[in-house]
Every structure is written in C-alpha cells, then in structure tokens.
Amino acid sequence: VLRVTKPYKLASREFHPIDTIIDVSVACVSGGKVSIGGQSVVMMAGPCTVESERQLMTTAEAVREAGAVILRGGAFKPSTSPYGFRGLGEDGLKLLAKARDEFGMAVITEVMTPGDVLLVSEYADILQIGTRNMQNYFLLDEVGRTRMPVMLKRGMSATIEEWLLAAEYILSQGNPNVILCERGIRTFEKATRNTMDISAIPLTKQLSHLPIVSDPSQGTGRRDLVSPMTLASIAAGTDGLLIEVHPNPDEALKDGAQSLTISQFQELMPQVHAVATAIGRDVITE
Ligand code: PEP
Ligand code: MN
C-alpha cells in the first residue's frame, strides 16, 4: 500500500518519485529525439503566432541556427478581444509542418477545443494547452485520451495545486506525457503583463515528477525582461524555455512587445549555455 496524501495522485512525487522524462522526435539532433525533463535544457522558440510563410520560415531558420530544437507558433490563437487576430487555423498548421520538414525541428502549437485535438495532433509534436484553458476539463480529457506530449500552461489565476490537478485530468485518462509550463500569474502589479513565478519551478519539482518549462514571454509581456527571466528560470531548474521571437516585432500581429528580435535571441543563447553549465546541465542543440 502506497499512501498518497496529495489530492493530485498520479502527478505527485509521492506516487512517482523518479523524474518523468518525455521523448520528442526531433530530426535535427543526433539520435533524432530530445528528452524533456532530463539532464539537458531544451529551447523552444518561434513566433507567438504564425502570420505568413515568410515570417515563419525566416524565424524557424534563425532560431534553429541559434540552437532551438523545437519550433513554437500559434495557429489557433486565444484572443482577449474578439477583434484581435485569431490565427490562420489549419493553414497555420500546414506552415508549421512545412517548417518542421525543412529545418528538422519538432513543433509545439496550441489546441483550444476538444474537436480540434485530432486535427492539431496530425501536425504537431507537442500539444499546448493555453492558460485560459487550463481548467477546460473536456479539453484536458480529450488530450488525455491521446499519447501526445501535452504542455499544460498554468492558468493565469491558478494555484499550483489547481494546476497539478489539471495535469491529473490528463494523466488519469492514460496519457503520461505531461509537461508543465509556468507562464506568469495575475497579481496587483501592472508594470509587467504577468508576474512570473520563478519559485513555481523548484516547487513543482518538489511536488511532482513532471517536467516543467518556462515561458518568460507571456511571463513578463516585456521584451527587455525575457532574457533575464530565461536565465533565472534555468538557474531555478527549468527543463526548457518557450520563447517568442519575431523577425520584426514592431509589426507582429500578436505579442510584438514581448517578442525577441532574431539578434536578441542569438545573443541570449551563449548566456543560456553558460548558466546551464554553471548548474551542471547542458543545452540540447544538435
Ligand atoms: C502563447 O503561448 O502565445 C499564449 C497564448 O500563451 P498563454 O496561454 O500562456 O497566454
Ligand atoms: Mn503569445
């Protein structure tokens, strides 16, 4: 008998003391796969939103060259305003798949509704559940019925316990491949878009065996804070980073203010290696 006292059972360290490591197929690295949650820090980068073939390919090529192995990009976008850009939908997924073939990267993209899980799974290597959907339990059930890696973002007003219970929904449907993502929470502070909870990184590592990645782009909403929060996340033990990069952030249709330029991402990468090395980890880039 194993007594698990936490309300989230399958997600807890009590139930599963060893770190979960999730393998993702990535053609551009030797061995053809990257492990999320192991020794190496994994860099995921790309535009907030797929806007055009040119924008996506330019960004993918540059971030791959700089050392990212997973390409991010939204095709189905949650938009706070109904008048905001809501993404290219399936056309955006097709462009992501094209970039994957061209640059050998894996693709992470958001799925917003249970009815789209099959469609998005055809194009993506990792399904992203956005902050607004962390407690969309029918969506969690549906991704839980696949075997796809699922990156579950923390709800912007969710406690760590609520977040781990959301992970439990996916795990309890039989899908063990859950990655947590800290992306900032709502506080009284208005100087940043969200308050990035760096302490959530070591704390969820104590409470859960699941890998955790950090999103300093949504986490701060400010381009000038993305690099310092990336490095702080690595120092705190994150397993990966999800970073928004745009060839021309001032003209981005979404989240330009928090998107790094390509050269800023290139300048960040040596620092990422330096901090990872300082804490006895490495960064998987090839
Ligand atoms: C995003 O990654 O662009 C995004 C919409 O994230 P979140 O759900 O954290 O706001
Ligand atoms: Mn975004």
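The values are calculated or read from the model by the stated rules, or taken from the named source; none is laboratory data. On a predicted model such as this, the values are computed, not experimentally measured, just so you know. Glycine also receives a Cβ, built like all others from the backbone with ideal geometry; neighbour counts cover every protein chain displayed. Protein only, heavy atoms only, side chains kept; ligands, DNA and RNA dropped before computing areas. Shrake-Rupley method; radii C 1.70, N 1.55, O 1.52, S 1.80 Å.
Worth a mention:
- Within segment 22-68, the set of residues being under 14 Å from Asp125 (Cα atoms) and without any contact (Cβ under 8 Å) to a residue 12 or more places away in the chain comprises Gly32, Lys33.
- Residues that are open to solvent by 10 Å² or more (accessible area, probe 1.4 Å) and either part of a loop (DSSP other than H, G, I, E, B) or in contact (Cβ under 8 Å) with a residue 60 or more places away in the chain (or both) within segment 230-245 comprise just one, Gly237.
- Selection status of Ser172, in contact (Cβ under 8 Å) with a residue 40 or more places away in the chain, open to solvent by 40 Å² or more (accessible area, probe 1.4 Å) and hydroxyl-bearing (Ser, Thr, Tyr): yes
- Residue satisfying condition, being surrounded by 24 or more Cβ atoms within 10 Å (Cβ to Cβ) and part of a helix (DSSP H, G or I), within set Val143, Val117: Val143
- You will find that of Phe138, Phe85, Phe103, the residue that is surrounded by fewer than 24 Cβ atoms within 10 Å (Cβ to Cβ) and more than 22 Å from Leu56 (Cα to Cα) is Phe138 and no other.
- Thr5 vs. criteria modelled with pLDDT under 95 and of a type in the set (Ser, Thr, Tyr): yes
- Of the residues contained in segment 28-51, one or more are found to be within 23 Å of His246 (Cα to Cα), open to solvent by 20 Å² or more (accessible area, probe 1.4 Å) and not in a strand (DSSP E or B).
- Exclusive hit being more than 15 Å from ligand 1 (Cβ to nearest atom), touching a strand residue (DSSP E or B) at 6+ places or on another chain (Cβ under 8 Å) and either open to solvent by 20 Å² or more (accessible area, probe 1.4 Å) or modelled with pLDDT under 95 (or both), set Lys205, Lys190, Lys254: Lys205
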